[in-house]
Amino acid sequence: MTNDASGLAIESDALTKQFGRQTAVNAIDLAVPQGSVFGFLGPNGSGKTTSIRMLLGLVQPTSGTVRVLGERMPDRLHTVLPRVGALVEGPAFYPYLSGVDNLRRYDSADRFASSRSRAARIDSALERVGLSNAAHKRVHAYSLGMKQRLGLANALLRPRELLVLDEPTNGLDPQGTREVRNLVGGLAAEGITVFVSSHLLSEVAQMCTHAAVMSAGNIVAQGTLAELRGVDTDRVRVLTEDVEVAVQTLARLGLSPQKSDAGPTAAWVTAAVLDKTVAPEALSGALMEAGVRIRAFSVDEPSLEERFVALTGEGFDVVQ
Ligand SMILES: Nc1ncnc2c1ncn2[C@@H]1O[C@H](COP(=O)(O)OP(=O)(O)OP(=O)(O)O)[C@@H](O)[C@H]1O
Ligand SMILES: [Mg+2]
């Protein structure tokens, strides 16, 4: 394990990448705690892969800096990369070689990997990703999901401190997706930091301890999943005909109510209850005391989905 004093496996400062006049990644400050499973969540084209390429030293940032395992990238590439396993969009394999032969090629190109334990390491990596049965099949006959698994096996060939996985479940069926999730859980239990990008909110919600949300090249939120959910925030919703009285009553309790139409007579009045400062019973009590006729009333926590849609202004695909 690294003994970097910051406790961060990845730390970027105003990391930026421009392609011509387009800013693909805009001054992002990533803080990925050691030992976390960190979800890098964002819709298509939001800059995930470009960020990952910069932190792996595959492309040069336009400006800003990034440290990986305490070392500046890309300056310390040769020291850092042996400690990092990576799966980036479209891993390149030789189509007319089998899965196991492809891994042999990659492994023998790794000057830190001992050749004596090579066969055993390759077998165990293939087994971990569920490819043992297809190990001797040529890669051109692999499905997209199988290629993705082979890419994962490649990232797992040697013990690593950090795994960087760009959309590892791309092309996998629900069963394969579950397997990847379990695999990531197992790696995290071994103390490995996992940085995993996804455009699937449910995936991040299920396997990550922390996340950053990207939108159009910017990080719009970052923290533990609980922080991102806003667990200290309740949301009250009232469906009523007495809209103005409801708004005034909630405002008197220190909230900032919003109203939205729900038909010719009634409307929804909603408000966030930051830090849960007002109890649900106090809210309903105050509304009834003010004579508000309540058709529906609820107090709940906003879901991750609602938070992220609010943050990015877009919906995320949801895996059922
Ligand atoms: N080599 C390049 N040259 C020009 N523009 C690029 C290049 N690579 C990426 N871009 C642009 O940068 C933006 C971010 O792309 P990026 O691939 O990082 O997004 P992403 O979040 O990984 O998306 P996806 O979910 O589709 O993989 C996009 O608008 C893309 O078109
Ligand atoms: Mg991408």
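May I ask you to list the residues in segment 41-71 that are charged (D, E, K, R) and either farther than 24 Å from N154 by Cα or within 16 Å of ligand 2 (Cβ to nearest atom) (or both)? Within segment 41-71, K48, R53 qualify. Selection of segment 71-101 for residues being within 15 Å of L144 (Cα to Cα) and surrounded by fewer than 16 Cβ atoms within 10 Å (Cβ to Cβ) yields E89, G90, A92, Y94, P95.
Just give me the residues in segment 222-253 being assigned to a loop (DSSP other than H, G, I, E, B), hydrophobic (A, V, I, L, M, F, W, C) and touching a residue at least 60 places away in the same chain (Cβ under 8 Å), in sequence order.
Of all residues in segment 222-253, those assigned to a loop (DSSP other than H, G, I, E, B) come to 230-233, 241-242, 253.
Of the ones still in play, those that are also hydrophobic (A, V, I, L, M, F, W, C) are 231, 253.
If the condition is that a residue be assigned to a loop (DSSP other than H, G, I, E, B), hydrophobic (A, V, I, L, M, F, W, C) and touching a residue at least 60 places away in the same chain (Cβ under 8 Å), then V231 is the only one that fits.
Answer yes or no: is there a residue in segment 30-42 that is hydroxyl-bearing (S, T, Y) and more than 12 Å from ligand 1 (Cβ to nearest atom). For segment 30-42, residues hydroxyl-bearing (S, T, Y) and more than 12 Å from ligand 1 (Cβ to nearest atom): present. Candidates are the residues of segment 1-29 that are within 8 Å of ligand 1 (Cβ to nearest atom) and within 19 Å of the chain's Cα centre (by Cα); the one that is nearest to G85 (Cα to Cα) is V25.
Answer yes if at least one residue in segment 24-31 is modelled with pLDDT under 95 and open to solvent by less than 40 Å² (accessible area, probe 1.4 Å), and no otherwise.
Initially, segment 24-31 is screened for residues modelled with pLDDT under 95, giving none.
Checked against the condition, which is being modelled with pLDDT under 95 and open to solvent by less than 40 Å² (accessible area, probe 1.4 Å), segment 24-31 yields no hits at all.
A Cβ distance below 9 Å, combined with a sequence gap of six or more or placement on separate chains, defines the contacts here; from segment 107-127, residues that are within 18 Å of G151 (Cβ to Cβ) reach no residue that is surrounded by fewer than 13 Cβ atoms within 10 Å (Cβ to Cβ) and among the aromatic types (F, W, Y).
The set of residues in segment 216-230 being under 23 Å from G45 (Cα atoms) and either touching a Cys at 6+ places or on another chain (Cβ under 6 Å) or open to solvent by 40 Å² or more (accessible area, probe 1.4 Å) (or both) consists of A216, N218, I219, V220, Q222.
For segment 161-180, the tally of residues that are away from ligand 2 (no atom under 16 Å from the Cβ) and either modelled with pLDDT of 90 or more or in contact with a Leu (Cβ under 6 Å, 6 or more places away or on another chain) (or both) stands at 3.
The values are calculated or read from the model by the stated rules, or taken from the named source; none is laboratory data. None of the values given here were measured: they were computed from a predicted structure. All Cβ positions, even for glycine, are placed from backbone atoms using ideal geometry, and neighbour counts span all protein chains on display. To get the accessible areas, we keep the full protein, side chains included, count just its heavy atoms, and leave off ligands, DNA and RNA. Shrake-Rupley method; radii C 1.70, N 1.55, O 1.52, S 1.80 Å.
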